[in-house]
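Heads up, the thing below is written out as structure tokens.
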Amino acid sequence: MVKESLCPQETYELGRCLGQKASRGQIFCLDGDLGVGKTIFAQGFAAGLGITEPVNSPTFTILQQYEEGRLPLYHFDVYRISDVSEMDEIGYEDCFYGDGVCLVEWSQLVTEILPDQVIRVRIEKDLEKGFDYRRIVVEGASEPETGSLHKEGRQM
């Protein structure tokens, strides 16, 4: 599934839609360059789970847990890990195989520990299409349908 986002609110809304449809045990791998809107997407995803507290990227803590939604959210940002063994130290397995849903930013840095069944979300910029334009690709065994955002330039 490919979605086009024309503003940060649309990126947030796609995250919210995916969060509403997320199921226990799912792992969403969120990748894209710095500044593409991963945090905006994560905030929407958390809102879709019913989380109302502020959501920020856990860049320095690696993992932020949110328990107040309909499912626990385990939000990882692995950008700053130097070795995948650091994931063992923070107990990633309890999150990956627990009762909640995981959102892993910069997942390409820890591919060796990811289960086979993940949902991949890739956010890309294209400045030729505008400063706020984002192309968001969602791939995975159980891609949720997301409703009426733009799809390859067409309204869904």
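Not counting ligands, DNA or RNA, and with a 1.4 Å probe, what is L109's accessible surface area in Å² rounded to the nearest 10?
L109 exposes around 80 Å² with every protein chain in place.
Ignoring ligands, DNA and RNA, how do E53, E86 rank by accessible area with a 1.4 Å probe, largest first? If you can, show how the numbers build up before the last one.
Values: E53 75, E86 45 Å².
Ranked from most to least accessible, the order is E53, E86.
Compute the long axis of helix 8-21 from its Cα atoms, compare it with the longest principal axis of the Cα atoms of the chain, and write down the angle in degrees, 0 to 90, nearest 10.
Orientation of helix 8-21: about 50 degrees from the principal axis.
Which angle from 0 to 90°, rounded to the nearest 10, does the C-alpha axis of helix 38-48 make with the longest principal axis of the chain?
Once rounded, the angle reads 80 degrees.
For K21, tell me the accessible area in Å² from a 1.4 Å probe, rounded to the nearest 10.
Here the accessible area works out near 100 Å².
Considering only protein heavy atoms and a 1.4 Å probe, what is the carbon-and-sulfur percentage of the accessible area of the chain? Display every interim value, and only then the final one.
Working: 3490 of 7600 Å².
The nonpolar share, carbon plus sulfur, comes to 46 percent.
How large is the helix-only mean residue ellipticity at 222 nm for the chain, computed as the sum of -39500 (n - 2.57) over DSSP H runs with n ≥ 4, divided by its residue count, in deg cm²/dmol to the nearest 500? The partial results should precede the final answer.
Values: 4 runs with 35 residues, N = 156.
Here the helix-only value at 222 nm equals -6500 deg cm²/dmol.
Treating the beta-carbon of each Lys and Arg as +1 and of each Asp and Glu as -1, no other charges, what is the dipole magnitude of the range 8-77 about its Cα centre, to the nearest 20 debye?
Values: 5 positive and 8 negative charges, 51 e Å.
Rounded to the nearest 20 debye, it is 240 debye.
Counting only DSSP beta bridges with both residues in the chain, what percent are antiparallel, rounded to the nearest 5?
Details: 18 of 31 bridges.
Just about 60 percent of them are antiparallel.
Determine the order of S5, S85 by accessible area, beginning with the largest, at a probe radius of 1.4 Å.
Details: S5 5, S85 50 Å².
Greatest to least solvent exposure: S85, S5.
Would you mind working out the accessible area per residue for the chain, using a 1.4 Å probe, and quoting it in Å²? If you can, show how the numbers build up before the last one.
On the way: 7600 Å² over 156 residues.
That works out to 49 Å² for each residue.
Please work out the FRET efficiency for the pair E89 and F60, using the Cβ-Cβ distance as r and a Förster radius of 22 Å; give the result to the nearest 0.05. Each step should come with its number before you reach the end.
Details: r = 15 Å, r/R0 = 0.67.
With R0 = 22 Å, the Cβ-Cβ based efficiency is 0.90.
By how many nm would the segment from Y97 to D132 lengthen if fully extended, with 0.36 nm per residue of separation less the alpha-carbon distance? Don't skip to the end; give the middle numbers.
Values: separation 35, 0.36 × 35 = 12.60 nm, distance 3.54 nm.
Stretched fully, the Y97-D132 segment lengthens by 9.1 nm.
Below 8 Å, C-alpha to C-alpha, sequence gap of six or more: please give me the relative contact order for the range 1-153 in percent. Could the numbers behind the result be given before it?
On the way: 315 pairs, mean separation 54.1, N = 153.
Worked out over the range 1-153, it gives 35 percent.
The values are calculated or read from the model by the stated rules, or taken from the named source; none is laboratory data. All figures in this text were calculated on a predicted structure; none of them were measured in a lab. Methodologically, a virtual Cβ is constructed for each residue, glycine included, from the backbone with ideal geometry; neighbour enumeration extends over all protein chains shown. SASA here: full protein model, heavy atoms, side chains in, ligands and nucleic acids out. Shrake-Rupley method; radii C 1.70, N 1.55, O 1.52, S 1.80 Å.
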